[in-house]
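A.B. asks: Below you will find the structure I want to go over with you.
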Amino acid sequence: MRLRLYHHRDGARVAYWETGTGQAIVLLHSLGLSHREWAPIVSALSSRFRVVLPDLPLHGDSEDRPRHPYTPEWLTEVMAGFCLDVGGPRAAVVGHDLGAELALRTIVDGGYAPARLVLMGNRLHRPAPFGGRRALWRLTTGLGALPVMDLALSHAAPLVFRPRFGERLSAQRNPESRDVVRHALADVGGNTNRARSWAKFARRWPFEAQRDLLDAYPSLTLPVLLMWAEDDPAAPLPWAREALDLIPGAQLRTIPGAGFLVAYDDPVALARELISFCG
C-alpha cells in the first residue's frame, strides 16, 4: 500500500493509504483506532476497488496539532474535502462508529454526496452508549488542556489501553486484534500536542442525542446499507432495525458472532457484503 497525505485548505493533514484500482471505496475507522481496523479485508476489497484508508484527524499519522478546533463542523468539513479530493465525486463510503457519524454528517451538511453509503455499528441519532464511562472519559481527556497534565495523560493512555484491550473488542477474541490497539497508540506517549487536541475534541463532540441526524434520514436518497454485528454491545441490533424504518430504501445485513471489530471476527462475511453492495 502507498502512504500519502491530503492537505486540507486550512493546512490540516490527513494521512491515508491506498491500494487496488477501479471505483474508490473509502473506509472510515472507529473512535480511538486507526486505518488498521480494516486490515483483514483490504486484500479482498482491493481485487475489486481502489481501497482508500485514511487515519481520521487526531488518529494514527493524521493531524493532531492543537491549533485546529476539532468541532463536529470542522471534522466534517475536513473529511468531506478528503472524500471529494481523494475518493472522487462518486466514491462509496463505509464508516464505523465515529467514522459512520462523520460519513453521515458529510451528507447531511451538504459537503459530500457518495455513490453509496455503508453504516456499520454506531449510535446513529441516539445518545452515546455507556453514559457513565463516556462522562468519565470526557472529564479525564479534558484534563489534557492543562500544562503538565497533557504530558501525564499522553503517557497514561498506552498504559490503560494495552494491546490486549483489542481482544475485548473482538467477540471471537482474535489475538490479531491486539495489533489494532498497538498501532493506534504507538505514537501517543509523550505527544502533548495530541493530548491537548483530544481535550478539545472531548469537550466539543456531541455525545447526546443527535436530533439533526434523525430529522435528516428521510432526505437520504442514496443507497444505504446498515452493516451490523450481532454481538456488539456498543451498537445493539434494535438500533439498526429502527433506522431501517426511517431511512428510505435502506438495507440491513447482519453478521452473526461478530463484535465491535467486525473485520477481525468475520472478515470473509464483511468483505463479501461490502463487495456485493458497493460493486
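Every number in this text was worked out from the coordinates using simple rules, so none of it is lab data. The shown structure was predicted, so the numbers you read here are calculated from the model rather than taken from an experiment. With ideal geometry, Cβ positions are generated from the backbone for all residues, glycine too; neighbour counts draw on all protein chains shown.
A.B. asks: Between 92, 135, 12, where does the largest GNM mean-square fluctuation fall for the chain, given springs only between Cα atoms within less than 10 Å?
C.D. replies: Comparing 92, 135, 12 in a Gaussian network model of the chain, the most mobile one is 135.
A.B. asks: What are the principal axis extents of the Cα atoms in region 99-215, in Å, biggest first?
C.D. replies: Largest to smallest, the principal-axis extents are 42, 37, 27 Å.
A.B. asks: Further question: Using the Cα centre of region 9-51 as the reference point, and only Cβ charges (+1 on K/R, -1 on D/E), how large is the resulting charge dipole? Debye, rounded to the nearest 20.
C.D. replies: 80
A.B. asks: Here is a follow-up. Which order do 79, 1, 149 fall in if you start with the one that has the fewest other Cβ atoms within 10 Å?
C.D. replies: Least to most surrounded, the residues fall as 1, 149, 79.
A.B. asks: A further question follows. Going by a ≥ b ≥ c, the root eigenvalues of the Cα gyration tensor, does region 170-271 fall in the rounded group (a/c under 1.5), the prolate group (a/b larger than b/c) or the oblate group?
C.D. replies: Note, shape of region 170-271 comes out oblate.
A.B. asks: Could you go through region 140-154 in sequence order and give the Karplus-derived ³J(HN,Hα) for each residue, using 6.51 cos²θ - 1.76 cosθ + 1.60 with θ = phi - 60°, rounded to whole Hz, and x for Gly and Pro?
C.D. replies: Coupling constants for region 140-154: 5, 5, x, 5, x, 6, 8, x, 6, 5, 4, 5, 5, 5, 5 Hz.
A.B. asks: List 76, 141 from most exposed to least, where exposure is judged by having the fewest other Cβ atoms within 10 Å.
C.D. replies: Ranked by crowding around the Cβ, least crowded first: 141, 76.
A.B. asks: Ignoring trypsin sites (Lys or Arg not before Pro) that are buried or in helix or strand per DSSP, and keeping those with at most 14 other beta carbon atoms within 10 Å, what is the longest stretch of the chain between them?
C.D. replies: Answer - 174-279.
A.B. asks: Rounding to the nearest 20 debye, state how big the charge dipole of the chain is about its Cα centre with +1 on each Lys and Arg Cβ and -1 on each Asp and Glu Cβ.
C.D. replies: That gives a dipole near 460 debye.
A.B. asks: Kindly express, to the nearest 10 degrees and within the range 0 to 90, the angle between helix 72-82's C-alpha long axis and the longest C-alpha principal axis of the chain.
C.D. replies: 60
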